[in-house]
1. Evaluate the Kirkwood expression for the hydrodynamic radius of region 231-299, namely the inverse of the mean inverse distance over all pairs of different C-alpha atoms, and round to one decimal in Å.
2. Please report the equivalent ellipsoid semi-axes of region 187-295, computed as sqrt(5 x eigenvalue) of the Cα gyration tensor, largest first, in whole Å.
3. Ratio of region 214-354's C-alpha Rg to 2.2 N^0.38 Å, to two decimals?
4. How big is the gap, in Å, between the Cα center of region 356-390 and the Cα center of region 58-98?
5. Provide the net charge surrounding Arg172, with neighbours chosen by a C-beta distance below 15 Å and charges set as Lys +1, Arg +1, Asp -1, Glu -1.
6. Between Rg and the Kirkwood Rh of region 272-405, both from Cα atoms, what is the Rg to Rh ratio?
7. Which distance in nm do the two modelled labels at Asp132 and Arg10 give, with both placed 7 Å along the Cα-to-Cβ direction?
8. Identify which of Gly364, Gly404, Gly353 has the largest mean-square fluctuation in a Gaussian network model of the chain, with springs joining Cα atoms closer than 10 Å.
Amino acid sequence: MSSTADLLARRNRTIGPYSPLFYREPLQFVAAKGVWFTEASGDRYLDGYNNVPHVGHANERVVRALADQAATLNVHTRYLNDRVIDYSERLLATFADDLDRVFFGNSGSEANELALRISRQLTGATGVIVSDYSYHGTTIALAEMTTGLETREPLGAHVRAIRIPDLDRDSRPEADVLAATLSEVDAAIASLQEAGFGVAACLFDPLFSTEGMPRVPEGLLPEIASRVRVAGGLVIADEVQSGFGRTGSHMWGHELAALSPDLVTMGKPMGNGHPMSAVVTSEPVLDAFGSRNEFFNTFAGNPVSAAVGEAVLLEMEEHGMMARARSLGRTARAHLDGVADSYDFVRAAKGTGMFLGLDFAVDGAPAPELAARVVEEMKARKVLISRIGRDQSVLKVRPPLAFGEAELPILLDALDASLASVRA
């Protein structure tokens, strides 16, 4: 086995030095099971960060479903196969009745790209509204509307980015904050129309994860959606991070936000790491697009992916993972609220269910250096988390939903010790 230094050197000579790594000293993992990693040194690390292995690393049901189906049949959707339809029906049953059709893909980027393509065709417009600190994928179209990562592509002329407010950082009355944000949306719509782009869609993660999980005014997303629809656009909910029961209270983040989207995109967690994605929509939308496009994707919706996706849903159901996320999330959030009250450099606790965080600030100014120190302190205590937000000042705690009652005290104890160390 290569040493970490040798592996890093080989990595730089092959995939290059620009692919980001976590931590000052990178970790080299050789195995994982459930919510635990095994590092090359033999040390075990608790995974408090990764949402891709949604029902746990190397989940036995998922692995068995993948292997059994791969040993039986794997073929594209130009042939009939009940496995694909069984999964489609099970997935759609988790949505509202009007979201009753699905396109399959292989990645969240591909799903968002397809949703934008559909929106452009159905509206005849090209303008898109996103937030001013967001990320939705790696394609050319998505790079031109990425505001939360460094990209060489400038913001597209057809894109308008709005600021998502955070009531934990804004001292104005909630009604005033809502009105100001909606005024910004109105201005963005008018600008797109005046420039001749029109409004094809708005695209948001309902939890505003990349933005740092801001506490937004009640009704913000439904109000934005209403304005976009009046302008002729469609509403896209990106559920790659907020979906599949992560909030604890709802299967999908758009339900928590009281949003009724026209298109819902999803990716990584639906396959527990197996590359698959989807766009869920309505029969009218699918008919309007499908009747004018021979849409086909060789690997999308194949029986192996369907078997994996169904195994994820069955695992969630059998082990009550959404309910557990709700219960553990309440306990964890109460603890984080107490932390925010106890430390003058913690502005507020963030999030819900199994997507939580802490916002660090000193004298009202974001304190990313403190968040970074806590992340490193947690790593030293063999617990993995990360940080997010415009200023990278918000801790990001987003473990697999296999995370349970035995692991939560380990994470919270490590957090308490890390905070105490940083304060000292």
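The values are calculated or read from the model by the stated rules, or taken from the named source; none is laboratory data. Given the structure is predicted, the values throughout are model-derived calculations rather than measurements. As a convention, Cβ positions derive from the backbone with ideal geometry for all residues, glycine included, and neighbour counts pool all protein chains shown. Just so you know, the surface numbers come from the protein's heavy atoms only, side chains and all, with ligands and any DNA or RNA stripped out. Shrake-Rupley method; radii C 1.70, N 1.55, O 1.52, S 1.80 Å.
1. About 13.4 Å for region 231-299.
2. 24, 21, 12
3. The value comes to 1.27.
4. Taking the Cα centre of each part, region 356-390 and region 58-98 sit 39 Å apart.
5. -4
6. 1.12
7. Between Asp132 and Arg10, the label points sit 4.6 nm apart.
8. Evaluated over the chain, the most mobile residue of the options is Gly364.
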